[in-house]
Every structure is written in C-alpha cells, then in structure tokens.
Amino acid sequence: SNHDDLLFDDVLWVERAQYEHDQFVARMRERGVEVFLLQTLLAEALAASDEGRQRLIEVAASEYTVGLSLVDEVRAALAAMKPDVLARHLIGGLTVAESGLDLAAYRSRSLPAAALDDESMFV
C-alpha cells in the first residue's frame with residue numbers, strides 16, 4: 001500500500017523473488033561457488049555469542065521500536081527463540097501474533113500497543 005511513497009514501481013512478489021534467488025544460488029553452487037546466506041550466518045553468530053545475541057536483541061527491541069512499556073516483554077520473547085528463529089525475525093520482523101504476547105494486558109499502559117493488532121510489526 002505504500003509502494004509509491006517508497007519509490008517502488010510495483011509491488012514486490014515475495015514468492016517469485018524467493019524462487020529467483022534460490023535458482024540463482026543453485027546455479028552459483030553448480031559452478032563451485034561457495035554461497036553464504038545472511039540468515040544462516042546470523043543464526044550461527046547468535047548461537048556462538050550470548051553477548052552478541054543480547055546486544056542485537058537490545059538494539060532491535062528498544063523503547064523507540066516497541067514502546068517503553070513493552071521493551072522487557074518483547075526482549076524476553078526474542079531471547080526465548082532459538083538462534084535460527086531469532087535470525088529470521090531480526091531480518092524479517094516480528095508480528096504481534098508471532099510474539100505470543102497478550103497485548104490486551106498492555107493496551108492501557110502503552111501508547112504504541114494501543115494501536116497494534118495481530119498483523120502489526122514489532123521489529
């Protein structure tokens with residue numbers, strides 16, 4: 001809905017883009033090229049360093065991104081994720097529904113949460 005504001009000529013077809021990316025990676029590997037995927041590398045880094053994992057969670061879920069009253073809850077939800085799942089959400093975002101948080105309990109004390117629904121993004 002905001003592609004004009006973001007200067008896109010058309011809406012990105014995610015499934016097609018993923019298919020084309022996968023085909024490109026397959027052709028590269030067929031030619032002996034070692035391909036590194038960002039999500040895989042990030043998951044490995046998150047698994048290797050508790051300090052780095054914590055820092056990334058703090059940056060992704062701050063008072064500026066999720067609201068002051070939800071920082072601890074969102075950070076806890078992210079911290080409970082396995083490295084590969086956390087990497088996926090750090091790259092692609094986390095919806096309210098995916099967070100597992102019951103926002104009804106926070107609506108009265110969090111301005112950003114009052115405007116969120118299950119499809120809204122935290123990070």
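The values are calculated or read from the model by the stated rules, or taken from the named source; none is laboratory data. Note that the structure is predicted; figures quoted are calculated from it, not measured. All Cβ positions, glycine included, derive from the backbone under ideal geometry; neighbour counts span all protein chains shown. Ligands, DNA and RNA are stripped out before the accessible areas are found, and what is left, the full protein with its side chains, is counted by its heavy atoms. Shrake-Rupley method; radii C 1.70, N 1.55, O 1.52, S 1.80 Å.
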**Request:** Please state which one of LEU42, LEU56 is assigned by the TED database to the domain that holds ARG88 and touching a residue at least 40 places away in the same chain (Cβ under 8 Å).
**Result:** LEU42
**Asked** How do the pairs read when you match residues in segment 1-30 that are part of a helix (DSSP H, G or I) with residues anywhere that are modelled with pLDDT of 90 or more and open to solvent by less than 90 Å² (accessible area, probe 1.4 Å), using Cβ under 8 Å and keeping only pairs 6 or more apart or on different chains?
**Response** VAL25/VAL35; VAL25/LEU37; MET28/VAL35; ARG29/VAL35
**Fill in**
For segment 35-93, the count of residues that are open to solvent by 40 Å² or more (accessible area, probe 1.4 Å) and of a type in the set (Val, Ile, Thr) equals 5
**Complete:** Note: among THR65, THR95, just one is touching an Asp or Glu at 6+ places or on another chain (Cβ under 7 Å) and in contact (Cβ under 8 Å) with a residue 24 or more places away in the chain, namely THR95
